[in-house]
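Note sheet for the following structure.
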Amino acid sequence: MRFSRVTVPTLKEKPAEAEAVSHELLLRAGMMRSFAAGIYTLLPLGDRALANIESIVREEMNRAGALEVVLPTLHPSDPWMCSGRWQAYGPEMMRLTDRAGREFCLGPTAEELMTITVAKTAPSYRELPVNLYQIQTKFRDEMRPRFGLIRGREFRMMDAYSFHADEDDLEVTYQAMREAYLTIASRCSLSTMVVEASTGLIGGKASHEFMVVSEIGEDLLVYCPGCDYGANFELERHRPGHAFGGESAPIEEVHTPDMMSIEDVASFMGTTPRGVLKCVMYVVGKELVAVFVAGYREVIEAKLAAALGTEDFHVMRDDERELFPTVVPGFTGPVGLAGVRALFDQEVKGARGLITGANKVDYHYRGAEEGRDFVAEPVADVAGPVEGDLCPVCDGELKIARGIEIGHIFKLGLKYSEPLEANFTDRDGVPKPMVMGTYGIGTSRMLQTVVEQHRDDGGIRWPAAVAPMPFEIIVIATEGGGQPEAAARIVSELEAQGFETLLDDRDASPGIKFNDADLVGLPVQVIIGKKLPASGNVELKMRYTGERRDLPLGEAAAGAARALAEAP
RNA sequence: CGGGGUGUAGCGCAGUUGGCUAGCGCGCAGCGUUCGGGACGCUGAGGUCGUCGGUUCGAAUCCGACCACCCCGACCA
């Protein structure tokens, strides 16, 4: 490939649309361009890098026993109606209508179509398990597309679906997928953490996310440096008892005029939010529930939903206060609380020396003690973690980080096979629903994640396995130096070995070429310049380490191939 | 969907109290000089000022609607 053609349109300045550094680099390095919010064109180099990632995914999926298929991207509405997700998916689904008025969507995922595909074969238990996957463009009308390829409305994803006679067999494939995903991430030079996750709209019993820790990550995750425990922020299970409350003391009423916030009350009382019991009022259906957590924690609504057994709730709005005249907003506490349902975070059990609302305007209690002044019942884990919380598995202290979700695996169970009547014939001749798993990897998201993790001030530093191509040949021509001829020789020698090359044969100044080469970030640069006439040498530059080596022209191609083998 | 911001040449931006031929930098084309970390000179091409409507003798500039993009906000590969 030649730089002197339109193949690599690099940009000197940062495009105004660039959100993350990796986004900026992909645009500036001429790898991609945007067409609309969350919708991108991949130019030749970006396309090659994505193809490399998808090849790795394909190899590891095949190795793990999965088989590739191609499903439609245009889905009829029927299967989605049957599973109930035509409604459940809501506005995130890209919908359209054909000329006859039939409804379709652009597939956001493919559980329904794949389940039906397998169900139509009416398998017997002898033919199971089966694991089918595709690498396809998916569509989701995201509320907020962000960070380039990290969160697009059109994106590339590998999605796999496994079908089993029983849960034990699903477990085997689930573990195989987990291993395959870790191998894929590691081959792409992404260091990945596996965390427990929620099943969300996909549904099912258990799931794990594969996270790359990054400041532009959109998820919060909690992990333990002491063991392999990790979980999504909303799912984690920290142990309670993290220095909440104070010494046991007699309870007393304190005048706290206009102190509605935890911060205000804490500083007025000469303590911190660690001494205060926080109350958040939720309207659950038509009922009011006072949720109590430690003053330094947040209520996690995903946990609350699990504790309440419903998702039909929201924080009480100002305009709803008159519906519940018995409560005193800002001064609600568990002592003497009447006419309102209460729910306590596990940490409240046994806490003493608490500052709480007194259920009276402008008054708080000091020294409230659970078990003496009130009873924390019912109790549930409804509070979020903070750094330093105790790990539920070992004695380590939890840490919190942002992460990019590059993959997600789910145990679905019968969630789709029952409504879609995806049955197999069991040993006893009776039809039973297949037990399913589903597994996704965001390949276009991975592409940008690789850039996010492998870059420096000069540009991208592609890991060799993902790099669009291995070599950039830079020609710095001087009068009668024979550089163009030398470059042509190296290019043809490398191509004879099966390597693609990017030849910078532009009539541009050396600085432009060096800077563009670093920006584009191919692993090995071969620089053919003033050293050639002087000493017969060309120069190799390793993009990742910056290391340089001089080689005689005749050994350049072999030396470049060797350098590539050593590159990260 | 709610709140905030921005739309002017391929890219980054100025101009916006209404006024003459709409500017600057980069990039692009031609010529010459340069040639190891984003060189220099000369010449030149390139714009329905997001769209539609209104006010006005006159609109990039004022008014209205719409569209697009970006930022902040609540389950996503």
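The values are calculated or read from the model by the stated rules, or taken from the named source; none is laboratory data. Just so you know, these numbers come straight off a predicted model, no measurement behind them. Cβ atoms come from the backbone with ideal geometry, glycine included; neighbour counts cover every protein chain shown. Calculation scope for accessible area: heavy atoms of the full protein, side chains included, ligands and nucleic acids excluded. Shrake-Rupley method; radii C 1.70, N 1.55, O 1.52, S 1.80 Å.
Things to note:
- Tally, over region A:315-373, of residues that are hydroxyl-bearing (Ser, Thr, Tyr) and either assigned to a loop (DSSP other than H, G, I, E, B) or free of Cβ contacts under 8 Å to residues at least 12 places away in the same chain (or both): 2
- A residue that is closer than 17 Å to A:Val8 by Cβ, touching a residue at least 40 places away in the same chain (Cβ under 8 Å), open to solvent by less than 20 Å² (accessible area, probe 1.4 Å) and more than 31 Å from the chain's Cα centre (by Cα) cannot be found anywhere in region A:441-463.
- Hits in region A:494-517 (condition: under 18 Å from A:Gln483 (Cα atoms), among the acidic types (Asp, Glu) and surrounded by 15 or more Cβ atoms within 10 Å (Cβ to Cβ)): A:Asp504, A:Asp505
- Scan of region A:428-467 for residues that are in a loop (DSSP other than H, G, I, E, B) and farther than 21 Å from A:Thr183 by Cβ, ordered by number: A:Asp428, A:Gly429, A:Val430, A:Met434, A:Asp457, A:Gly458, A:Arg461
Residue-by-condition table, conditions (1) of a type in the set (Ser, Thr, Tyr); (2) exposed (fewer than 14 other Cβ atoms within 10 Å of the Cβ); (3) farther than 20 Å from A:Asp159 by Cα:
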residue: A:Cys82; (1), (2), (3): no, no, yes
residue: A:Met93; (1), (2), (3): no, no, no
residue: A:Asp98; (1), (2), (3): no, yes, yes
residue: A:Met114; (1), (2), (3): no, no, no
residue: A:Tyr125; (1), (2), (3): yes, no, yes
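- Test result for A:Gly529, modelled with pLDDT under 95 and either within 11 Å of RNA strand B (Cβ to nearest atom) or within 31 Å of the chain's Cα centre (by Cα) (or both): yes
- Residue in region A:534-552 that is open to solvent by less than 50 Å² (accessible area, probe 1.4 Å) and in a helix (DSSP H, G or I) present: no
- Residues of region A:107-126 include at least one that is within 16 Å of RNA strand B (Cβ to nearest atom), within 30 Å of A:Glu24 (Cβ to Cβ) and in contact (Cβ under 8 Å) with a residue 24 or more places away in the chain.
- Residue match in region A:174-189 (condition: within 11 Å of RNA strand B (Cβ to nearest atom), on the phi < 0 side of the Ramachandran plot and part of a loop (DSSP other than H, G, I, E, B)): no
- Being over 23 Å from A:Glu253 (Cβ atoms) and among the aliphatic types (A, V, I, L, M) is a property that A:Leu354 lacks.
- Each residue in region A:312-337 was checked for being open to solvent by 40 Å² or more (accessible area, probe 1.4 Å) and either within 26 Å of A:Lys349 (Cβ to Cβ) or of a type in the set (A, V, I, L, M) (or both), and 5 pass.
- Pairs, first within 16 Å of A:Cys394 (Cβ to Cβ) in region A:220-249, second aromatic (Phe, Trp, Tyr) and open to solvent by less than 20 Å² (accessible area, probe 1.4 Å), C-beta under 8 Å, six or more apart: A:Tyr223/A:Tyr229
- Test: residue in region A:268-276 that is out of contact with any strand residue (DSSP E or B) (no Cβ under 7 Å at 6 or more places or on another chain), surrounded by 17 or more Cβ atoms within 10 Å (Cβ to Cβ) and more than 16 Å from A:Gly246 (Cα to Cα): no
- Selected residue [open to solvent by 20 Å² or more (accessible area, probe 1.4 Å), away from RNA strand B (no atom under 13 Å from the Cβ), of a type in the set (D, E, K, R) and more than 21 Å from A:Tyr174 (Cα to Cα)] from A:Glu142, A:Glu103: A:Glu103
- Residues in region A:277-311 that are within 13 Å of RNA strand B (Cβ to nearest atom), open to solvent by 30 Å² or more (accessible area, probe 1.4 Å) and among the charged types (D, E, K, R): A:Glu298, A:Glu301, A:Glu311.
- Test: residue in region A:407-419 that is within 16 Å of RNA strand B (Cβ to nearest atom), part of a helix (DSSP H, G or I) and either open to solvent by 20 Å² or more (accessible area, probe 1.4 Å) or closer than 26 Å to A:Arg156 by Cα (or both): no
- When residues in region A:254-267 are screened for being crowded, with 19+ Cβ neighbours inside 10 Å, outside any helix (DSSP H, G or I) and in contact with a strand residue (DSSP E or B) (Cβ under 6 Å, 6 or more places away or on another chain), 1 of them pass.
Rundown of residues vs (1) under 20 Å from A:Pro463 (Cβ atoms); (2) surrounded by 15 or more Cβ atoms within 10 Å (Cβ to Cβ); (3) within 14 Å of RNA strand B (Cβ to nearest atom), yes/no style:
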position	(1), (2), (3)
A:Arg5	no, no, yes
A:Ala18	no, yes, yes
A:Arg28	yes, yes, yes
A:Thr41	no, no, yes
A:Gly46	yes, yes, no
A:Val57	yes, yes, yes
A:Ala66	no, yes, no
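- Index of the failed condition, A:Arg151 passing every other in (1) free of Cβ contacts under 8 Å to residues at least 24 places away in the same chain; (2) farther than 19 Å from A:Pro419 by Cβ; (3) within 16 Å of RNA strand B (Cβ to nearest atom); (4) open to solvent by less than 70 Å² (accessible area, probe 1.4 Å): (1)
- A residue that is surrounded by fewer than 19 Cβ atoms within 10 Å (Cβ to Cβ) and under 23 Å from the mean Cα position of the chain (by Cα) can be found somewhere in region A:71-79.
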